[in-house]
Structures are given as structure tokens and as C-alpha cells.
Amino acid sequence: MYGFWNNVKTTLLMSALMGLCLGVAYLIGGRQALIPALVIGGVMNFAAFFFSDKIALATVRAQEIQREDDPELWDTVERLVERAHMPMPRVCISPAAAPNAFATGRSPSHSAVCVTAGLRQMLTRPELEGVLAHELAHVRHRDVLISTIAAVVAGAITWLTYLSFWGGGRRDREGGNPLIALLLMILAPLAAMLIQLAISRSREYEADREGAELAGSPRGLANALLKLSSANERIPLPVPDSQAPLFIVQPLTGGEMARLFMTHPPIEERVERLREMERHMV
């Protein structure tokens, strides 16, 4: 049932992206611009569904690895997916110094888990296992598809907003309403934020819980979250603000819009829930 509702949300997000393309096109060029906008919206939806994972991985310059490249990382993922009865995802490493991780892909059979070089250097084996189990929980429930598409939609909203402002401005000089483009420029980032808020907080709590169960203990994940949170407050990760919700902890992006996309629950609350879970497991 959880996966079904994620599929519904994905369909709504892709429909919203198409509607946004049509609305901005009409604002800029009137009815004659709707057909080109329909084509552009279709291409963007196609790319979001089939190539969003490649976009996310390319953003952090991640490279796919094999077992001989990092036996411990590979074996940990393999052990967890066997325990969860899941297909083996692609395993990737980003050279980024900021310790973080995320999962991406359109389905469990077309997925990837990615960790940064900073994470590999910082975490112990139980902590690494907890982080990977968290990300595989996202994969199991198809959170990765909706999260990655939401990042694409949020990025598209920002891009189309600026396009509508400047394009709308040119149209305004021909007799249009300058307030329409300005209003869209103000409200579109808010819409992007609401998209991210609607999908992120509950899924993080659920992935924490299922990840702890999959790893066999909440302790490793709880300790990892504290370490990663502290480090990511100091070490920037150069990714677009709209992609920040993909990661297990909120990265320091340095972007002006970063605050709008801070959709992760507080680390302290996530850790407290894991500690409470551990107390009940004893």
C-alpha cells in the first residue's frame, strides 16, 4: 500500500510538471506556445522518469564500483539486500569530502545506492550498515523515484519561474500584465518547498525504522546520523538546493535557496526515535 501511494504521488508530480510547463508557456507566448510547451513537458517527464538517477549521480560525480573496488562496502550492500529479499542495486562512490549518502532509481530493479568518500572514511562498519539499510528501505518503498522526480520538478520550477519572469516581462511591454510574472516568481519557490515537505519528513522516519530493523539494531544508524549531521554542518556538498532532500542528512549546499529545501526532520528527533526503538528491542 505504501508503494502504491508513492506511485500516485509520482503521477501527480509529473502531472504538475506538465501543467507548470503549459502555464508558463501561456504566460509568455499565449495559446500559440502551448504545443511547444507540451513537447517540452513531455521530454522533461521522460527524462525525470528514465534519467533522474543518472542526473543525481552525475551531480556528485559518482562512479559505479564492483566488489574488488571496495569489498567491505559491496559485501555490506549484498548482505542487506539478501536479508531484505531485494535485487542488488548499483553501488556508487562519490569523491565528495562531505560524508553523506543517498539512493536513486525508478524501481528496486533499477536503483543505485551512493556514498561519498567522506562517509567511507568516517563511519565504522555498524554505522555504515545502518546508513545503507536506511537507503535500501527507501529503495524498497520506491521513495527513490518520487524523491528524485521531486528534485527534478523543484529544479524545473526554479528554472521556469525565471523564464516566465523575463519572458513575461517582454510580453508585458506588448500589453500583458507585469504582476502575473512577478507573482509566479514569488510563489513558485514556495510551491517547490511544499512539494519537498509533502514527501520527505514521513519517509525519513519510516526509512530510519525499517533500516534499523534491516541492520538488526538502531544503534549504528543513530551514531551515524550524529556524525554525519555534525560534519555536514561544516563541509559543503556542491549540489543544487533542490537535490538536498535526496541525502540521508541535510547537506550544506551554500545556496541561497537552501533554507527552502530543508525538509529533513531534526536529527535529534530521528536519533531519539531510534534510541527509543533500541530500548524496546532490549
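The numbers here are math on the coordinates, done by the rules we state, and not lab data. Every value quoted in this text rests on a predicted model; they were computed, and no experiment measured them. FYI the Cβ positions are ideal-geometry reconstructions off the backbone, even for glycines, and counts take in every protein chain you see.
If you take every residue apart from F102 with its C-beta less than 11 Å away from the C-beta of F102, what net charge results, scoring Lys and Arg +1 and Asp and Glu -1?
Residues near F102 contribute -3 overall.
Around A112, with a cut-off of 13 angstrom between Cβ atoms, what is the net charge of the other residues, counting Lys and Arg +1 and Asp and Glu -1?
Computed value for this residue: 0.
Which peptide among 266-276, 101-111 comes first, and what is the full order, when sorted by highest mean count of other Cβ atoms within 10 Å? Intermediate values should be presented prior to the final figure.
Details: 266-276: 15.5, 101-111: 21.5.
Peptide ranking by packing, descending: 101-111, 266-276.
Arranged from highest to lowest average of other beta-carbon atoms within 10 Å per residue, in what order do the peptides 113-122, 135-144 appear?
Numbers: 113-122: 20.5, 135-144: 25.1.
In decreasing order of mean packing, 113-122, 135-144 become 135-144, 113-122.
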